[in-house]
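The values are calculated or read from the model by the stated rules, or taken from the named source; none is laboratory data. All values derive from a computational prediction rather than experimental measurement. Here the Cβ positions follow ideal geometry from the backbone for every residue, glycine too, while neighbour counts run over all protein chains shown. The protein model used for the area step is the full one, side chains on, heavy atoms only, and it has no ligands, DNA or RNA in it. Shrake-Rupley method; radii C 1.70, N 1.55, O 1.52, S 1.80 Å.
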Amino acid sequence: AQKITQTQPGMFVQEKEAVTLDCTYDTSDQSYGLFWYKQPSSGEMIFLIYQGSYDEQNATEGRYSLNFQKARKSANLVISASQLGDSAMYFCAMRESNSGGYQKVTFGTGTKLQVIP
Amino acid sequence: DTEVTQTPKHLVMGMTNKKSLKCEQHMGHRAMYWYKQKAKKPPELMFVYSYEKLSINESVPSRFSPECPNSSLLNLHLHALQPEDSALYLCASSRPGLVTDTQYFGPGTRLTVL
């Protein structure tokens, strides 16, 4: 069974500083995908970044980068130059491979990030 | 257009009511999902439709009844709910066959059962 672990229930970061949100995973699949989502208090899940298990380069999307260490089974999210609007819950998620034409995704428990002015 | 819409945004219902949640996407996605999310918890998968066929039912009580009338539309029919069913209900969609693609989520419906 797949498992995602986020050990930081809450984090604080000063505005304009960088912050790392931790995520470790466990799977026996060779092919899998890792995602990070942001969920503001409004409720919508916003996709941030994706890393495939065979991708050799770490994924980057603007101020977001994913520090993928396959041997350690970790997929940490790095947010550079934090902004007040980054205050939200962040979920790490893993997609298991299947041939059914859909995605079966396992979510971590989330990290609540608060950006301090 | 990468938008999934959900209606209504908020719903309050009694335990004897029948109501429906609606989800729509026009991205050509052929997989659609219902999730339930309690406060401060991750989303929990309820149902998955792939090509308009029910592929996964995560042992959801029968008071929740999903329906996928066409490839763009997903409904969740609610009947005789319990107060513990109060939660945020999220709909999502994804393209089949693209391993790099993500699930796109709607804004959710906040349901309160009195």
* **Count - residues of the range A:1-25 that are modelled with pLDDT of 95 or more, in a strand (DSSP E or B) and not hydroxyl-bearing (Ser, Thr, Tyr)** => 8
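For the range A:83-92, indicate whether the set of residues that are within 25 Å of B:Gln6 (Cβ to Cβ), assigned to a loop (DSSP other than H, G, I, E, B) and within 13 Å of chain B (Cβ to nearest Cβ) is non-empty. Steps first, please.
Quick first cut of the range A:83-92, residues within 25 Å of B:Gln6 (Cβ to Cβ) only: A:85-92.
Of the ones still in play, those that are also assigned to a loop (DSSP other than H, G, I, E, B) are A:87.
Then drop every residue that is not within 13 Å of chain B (Cβ to nearest Cβ), which leaves none.
No, there is no match, as no residue in the range A:83-92 is within 25 Å of B:Gln6 (Cβ to Cβ), assigned to a loop (DSSP other than H, G, I, E, B) and within 13 Å of chain B (Cβ to nearest Cβ).
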* Which residues, counting only those in the range A:83-117, are open to solvent by less than 40 Å² (accessible area, probe 1.4 Å) and over 20 Å from A:Met45 (Cβ atoms)? -> A:Gly100, A:Gly101
* May I ask you to verify whether B:Lys19 is open to solvent by 90 Å² or more (accessible area, probe 1.4 Å) and either more than 30 Å from A:Gln8 (Cβ to Cβ) or out of contact with any Phe, Trp or Tyr (no Cβ under 7 Å at 6 or more places or on another chain) (or both)? => no
* Asked: Name the residues in the range B:65-114 that are touching a Gly at 6+ places or on another chain (Cβ under 8 Å) and exposed (fewer than 15 other Cβ atoms within 10 Å of the Cβ), would you?
  -> B:Gly97, B:Val99, B:Thr100, B:Leu114
* Can you name the number of the only condition in (1) away from chain B (no Cβ under 14 Å); (2) closer than 29 Å to B:Ser71 by Cα; (3) of a type in the set (D, E, K, R) that A:Arg95 fails? -> (1)
* Structure fact -> Scanning the range A:36-51 for residues that are out of contact with any Leu (no Cβ under 8 Å at 6 or more places or on another chain) and either more than 10 Å from chain B (Cβ to nearest Cβ) or outside any loop (DSSP other than H, G, I, E, B) (or both), the one least open to solvent (accessible area, probe 1.4 Å) turns out to be A:Gln39
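Hey, can you tell me all the residues within the range A:1-45 that are free of Cβ contacts under 8 Å to residues at least 12 places away in the same chain and within 24 Å of B:Gln37 (Cα to Cα)?
Here is the first cut: in the range A:1-45, the ones free of Cβ contacts under 8 Å to residues at least 12 places away in the same chain are A:1, A:28, A:42-44.
Passing the criteria: A:Ala1, A:Ser42, A:Gly43, A:Glu44.
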* Report, by residue number, each residue of the range B:38-64 that is within 19 Å of A:Gly110 (Cβ to Cβ), surrounded by fewer than 19 Cβ atoms within 10 Å (Cβ to Cβ) and more than 8 Å from chain A (Cβ to nearest Cβ). => B:Lys38, B:Ala39, B:Glu44
